[in-house]
Every structure is written in structure tokens, then in C-alpha cells.
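A short write-up of the structure that comes next.
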Amino acid sequence: MAVCVELDGFNFVPITRASLCCCRLRPCYKPPILSRPTLKSNPLRVAFDGVPRLPIRARENRRLYFSSPNRHSHSLNSIVAEESDDIKRTGDSKEVLGVADDDSEMMERFQSVEKKRSSGSQLKKRIVFGLAIGIGVGGVVLAGGAVFTVAVAAAVFAAAREYFELVRSRGIAAGMTPPPRYVSRVCSVICALMPLLALYFGHIDVSVTSAAFIVAMALLLQRGIPRFAQLSSAMFGLFYCGYLPCFWVKLRCGLSAPALNTKIGSAWPVLLGGSAQWTVGLVATLISFSSIIAADTFAFLGGKTFGRTPLTNISPKKTWEGVFAGLTGCIITTLALSKLFCWPTSLLSAAAFGFLNFVGSLFGDLIESMIKRDAGVKDSGSLIPGHGGILDRVDSYVFTGALAYSFVKAFLPLYGV
């Protein structure tokens, strides 16, 4: 029975007789099959009867020591002891192990190849899930009404759960007292109910004040001494995760004036709602969503290609070059879609609408980056593979809905028609 050990500097990785057997109750006396390691293949594996048993990290110039069945006296422990003594005498582990000078370079190349492979798979997963989310969100926006509101409520509930988990994380909780867990759960449920109440009542003022009163009373009546940090973090959670997303419901479902100049509406199938489906709220929501996606994409590509000047310490990877690229892409997308949908009719209004969308998306992204930085985490969660949590995806939309609704409602005559 052959026994193999890999010497990695001073760290020895033994392979016992039991680990080399396909069945512990029935020893195997066939010699191990060692596949030749290459940079493009999997790591070296020991196999018996075609069944891989134990992965071994191996390099081309590393020595593997074997003791044959006829040399039982030369045990595994004696091999390790002899090599350890040789290392101590020579003081150079590379000479004892027979490792060439370019071994570290080869390992660096191997690690770089593995890193590129993992990053490529991560990018592929990100693109696939991003396209799936985009198609799903597009269908929800076109449906509108209760479908859109329920989808917003579900996203708000998940985002609120992630927000309060970040508040309770070690990085933030070390400098403050987080709200009790039952208060966090109550706040998450209240945030999810706010979009539904906004659709039913048409406004959200009463629901927000009532929710704030309920949360404040729950904090004051808790066991122990209430802290102002608990109240402030809970109130900001209601505002950030509950109040602000309601403006998307008011924008999509509240602005029901027909988009008279939209040519797509006149050719829209009757089974899907006909021309009445194309309202100002639908057109404004589609343009806002598309401009935010364009802003994120252009900012990422521009920052990665031309980024030199950091924007802020909150997010070190963001650069001024990326900001200008994102702003340009957002305004160009808004102008192109305004020509397609014939809304708004003024190019100046369309450019201003695109500028507000970009400012809202950038501000929301920085706010979420600040929360994650204080919490000491990279992602707010792991709900979406390749993207992180739900807050990582909707951070650019949190403040944009309020700005878009206020702009259309207050600054566009006749809603831009």
C-alpha cells in the first residue's frame, strides 16, 4: 500500500492509509493514480478504481514521497521527521523540497487564472440574473395597479429586513444601541404595508405618522432604558425603507392621465389594456427605470476605463469620471426615450428629468454605501446571486421615485402632455 505526503514548507499534509481506501472496512492495495497537474486542469487528485478520494495541492517542481509496501519499517512519521531535520540543518526549505526558484511565479500565475475564472463566472451569473430581474420588473411596471404595488411591497419588506440587520451588525451596534428585534420586525411589516396603503388611500401622510407613533410607543414601553439611537435608527428605517418607495406607487398608479402623444399606446393590443394602459405614470416610470439602469451602466464602464479621481471616501471605487459618464448616459437615455414616447414634449424638461433621476440614483447609492461601510460589510445580503442583497439593487431607486413624482406633479404643466 503506497502512502504519500506533500511537504509544503514546514506544513505537512499526511495522507493516511484509511483515507486512501475506497472502503474503510475493505483496504485497497492498488497503487494510487496521480493525474499530472496543469494550469488549465483541476488540482492533483488521488484516485483508486477511478474514484477520487482526496484532493492534493501540488506543484510541478514539488517532491512527493512514497513508501512502498515492502518498506513498512520506513513509516510516514520517519519520513516527516527526516525531512524536518533536513530543513532545520539547511535552513532552506526550497532546497530540501526541490522547489525551483520560479515555483512561486508559477503559483501566482495559477492563482491569477483561478481568480479570472471565478470573476468570469461571477460576471456571467450577474448578467443572467440581471436580465431576468430586468424582464420581470418590466412586466410588473407594464401591469401596474395591484401587481406593481404588491411587488413594491415585497421588495420593501426584504429591504427593511436587510436594513435592520445592518443596524444590528457589529460595526454599527458597537457605537450605539440597536432597536429590539421585535421592533425591527414590526417596522419591516409596517414598511411593507405602506405601499398598499398608498394605493388604497392615494396618500401616505396618515400612515407614516401613525407608524411613527406606534414605533415610538413600542420603544418607550420596552423593558430596560430606551435609547435615542434606537428611536433614530427605527425612524430612519421607516423613512428610508417605507416612506420613500411609496412615491413609486404614486408615480405609476397615481398619475393616471393618458399619454396622448404616445404612438405606442395607439397600437397597443386591447387584450393588454389598449391605449388607456399608456398613462403619464407608466411612461414616466419606464423612463425613470431605464435612465437609472443607463446611469449605473455608463458610470461603471466610464469609471473602470477612465476613472482616476476618487469621488468620496464613502465609496472609494466611485470616481468623478464615472459620475460624468453616468450623467451623460442618463441624460442621453432620457432624451432618446422622450422622443420615442413623445413625453415630455419639451427637450429641456426631458433633460431636467434625466438630471434629477441621476442625482437621485447617485445619492441613494452613496447613502447605502455609507450604511454598509459603517456596518463593515460588502453586501447588504445574499438574496440575489451575483448581486448581493435587495438593498444593493434598489439603492439607486429609493430617492429617485420621490424626485421624479415631485418633478412631474409640480414642475411639468399638464403633466408634460
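Rounded, prolate or oblate for the stretch 208-324? Axes are the square roots of the Cα gyration tensor eigenvalues, ordered a ≥ b ≥ c, and the cut-off for rounded is a/c under 1.5.
Values: a/c = 4.64, a/b = 1.25, b/c = 3.72.
Oblate shape, in that a/c is at least 1.5 and b/c is the bigger or equal ratio.
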Inset, instruction - Please give the solvent-accessible surface of Lys250 in Å², to the nearest 10, using a probe radius of 1.4 Å with every protein chain present. - result: 40 Å²
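Using a 1.4 Å probe on the protein heavy atoms, what percent of the accessible area of the stretch 251-374 belongs to carbon and sulfur? It would help to have the intermediate numbers written out before the result.
Numbers: 4320 of 6190 Å².
Ligands and nucleic acids excluded, carbon and sulfur reach 70 percent.
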Legend entry - Rounded to the nearest 10 Å², the accessible area of Leu301 at probe 1.4 Å: 100 Å²
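Can you tell me how much longer the chain between Asn313 and Ile264 gets when fully stretched, taken as 0.36 nm per residue apart minus their C-alpha distance, in nm with one decimal?
Computed gain between Asn313 and Ile264 is 13.2 nm.
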Inset, instruction - List the residues of the stretch 172-191 whose backbone N lies under 16 Å from a point placed 7 Å from the Cα of Arg223 along the Cα-to-Cβ direction. - result: 180-183
Inset, instruction - Please report how far the C-alpha centroid of the stretch 126-164 lies from that of the stretch 192-243, rounded to the nearest whole angstrom. - result: 22 Å
Legend entry - In order through the stretch 282-297: 3J(HN,Hα) via Karplus (6.51 cos²θ - 1.76 cosθ + 1.60), integer Hz, x for Gly, Pro: 5, 5, 5, 5, 4, 5, 5, 4, 5, 5, 5, 4, 5, 5, 5, 5
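Given 37 °C and 0.692 mPa s, compute D for the stretch 185-250 with the Stokes-Einstein relation, Rh being the Kirkwood radius over Cα pairs; round to the nearest whole µm²/s.
On the way: Rh = 12.1 Å.
In µm²/s, the coefficient is 271.
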Inset, instruction - In whole Hz, with x marking every Gly and Pro, tabulate ³J(HN,Hα) for the stretch 222-227 from phi via Karplus 6.51 cos²θ - 1.76 cosθ + 1.60, θ = phi - 60°. - result: 6, 6, x, 8, x, 10
Inset, instruction - Name the residues whose placed amide hydrogens come within less than 5 Å of the amide hydrogen of Thr319, ignoring near sequence neighbours (fewer than 5 apart) on the same chain. - result: Leu311
Inset, instruction - Amide H neighbours of Ala257 under 5 Å, at least 5 residues apart or on other chains, H built in the peptide plane: list them. - result: Val280, Gly281
Inset, instruction - Tell me the label-point distance for the pair Val137, Leu366, using the 7 Å Cα-to-Cβ offset, in nm and rounded to one decimal. - result: 2.1 nm
Legend entry - Accessible area (Å², 1.4 Å probe, nearest 10) - Glu165: 90 Å²
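At R0 = 35 Å, how high is the FRET efficiency between Phe201 and Thr305 if r is their beta carbon distance? Nearest 0.05 is fine.
Result of the calculation: an efficiency of 0.15.
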Inset, instruction - Starting with the highest mean, order 143-151, 310-318, 287-295, 230-238 by the number of other Cβ atoms within 10 Å, averaged over the residues of each peptide. - result: 287-295, 230-238, 143-151, 310-318
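The values are calculated or read from the model by the stated rules, or taken from the named source; none is laboratory data. Model, not experiment: these values are computed from the prediction. Reconstructed Cβ throughout: ideal geometry from the backbone, glycine too, with neighbour counts over all protein chains shown. Note: areas computed on protein heavy atoms with side chains; ligands, DNA, RNA excluded. Shrake-Rupley method; radii C 1.70, N 1.55, O 1.52, S 1.80 Å.
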